[in-house]
Amino acid sequence: MKLIYQWMLAFFGVIMTTIVIVGIAFTQYSTKTAYNNTWDQLEGYASVIEREAFKQGSQATLSKQFIDDGRAILSQQHVSFNFFNAQNEMVYPTPDANVSVKKKYWKHLKNGQVQRLSMSSDARQFNTTQEQLVVFKPVFYNNKLIYVIGVASSLQNVKSSLVTMRKNLLIAFLLSTIGGILLSYILARYQISRINRLRNATHLVAEGDFDVQIENPGKDELDDLATDFNEMVQSLNESEVEIKRQEDRRRQFMADAAHEMRTPLTTVKAYWKDCNMTRFLKKCVRRVLR
């Protein structure tokens, strides 16, 4: 596998891992925030009901008119509420001694702790088969528990907003995937171009061009490698100059030596020729005299 594809996979893996982690964290945070916002809203409704339904001076008496008006208004927002007396029996909207808050929650309510719950389809307190987000808020009078207000909203409302958010997140994920591919290609291409620059310079040096220099800002290891390459080429260039200088000196020495040796050799050669000619004449004279 070519290096560019290896780096693309590495960059893409890092980008996608970051996107997935951020996406999961954002989804969990959004879900938790949506639940908490709904609970805060329901607790706010419970506080308003507590303030208006129990009139000052007659805290144990419910204001039926306000309760009916509030029920009509909140039903338009898919919010319902009910009341439980101090004996943990539902007294509104329909009195039913068989419907109560679970004991593990009632214990905390008696201690004045508001309970935030996500209840499944067995939530008979609100006469529904849908999952509910519920807030139970205790009401005290003279430090004595007199009622518990239960306010609920369908979890489907929260889930529908979360589904929309997740669809948008999926679209963002797909766009981020495309962007991650492009970004990883650009980053890998940039790094490969720097390596190719070193490779091309190496080829030029191999062909005998020692004047190659690579520009580098000195930011990372590849720039350090480019600096070492420039120093190597400079050293090779100096060595090449010295070799040429030594070669020129050798040739000059050989030329001078050849010139100096040529004169005595010519003299010896001429003397040799003269000697041979003298011998030849002597031989001719001897033959004539015979």
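Bear in mind these aren't lab numbers, they're just calculated from the coordinates by the rules spelled out. The structure presented is a predicted model; accordingly, all values stated were derived computationally and were not measured. Cβ sites come from the backbone with ideal geometry, for glycine too, and all protein chains shown count toward neighbours.
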Between HIS78 and LYS104, the FRET efficiency computed from the C-beta separation at R0 = 22 Å comes out, to the nearest 0.05, as 0.20
So ASP228 and LYS244, fully extended at 0.36 nm per residue minus their Cα-Cα distance, gain in nm 3.3 nm
Residues whose built amide H sits under 5 Å from the amide H of VAL99, excluding neighbours closer than 5 in sequence, are MET90
Residue by residue through the stretch 92-106, the couplings from Karplus 6.51 cos²θ - 1.76 cosθ + 1.60 with θ = phi - 60°, in Hz, x for Gly and Pro, are 8, x, 10, x, 8, 6, 8, 9, 8, 7, 4, 4, 5, 8, 4
Taking 0.36 nm per residue of separation between ASP96 and MET165 and subtracting their Cα-Cα distance, the length gained on full extension comes to 20.9 nm
Diffing the stretch 207-217: the Karplus 3J(HN,Hα) column from phi (6.51, -1.76, 1.60, θ = phi - 60°), in whole Hz with x for Gly and Pro, holds 7, x, 8, 9, 9, 6, 9, 9, 6, 8, x
Here FRET efficiency (C-beta to C-beta, ILE146 to SER30, R₀ 51 Å, nearest 0.05) is 0.85
Per the 1/(1 + (r/R0)^6) rule, R0 = 30 Å and r from the Cβ atoms of TYR190 and ILE19, FRET efficiency to 0.05 is 0.90
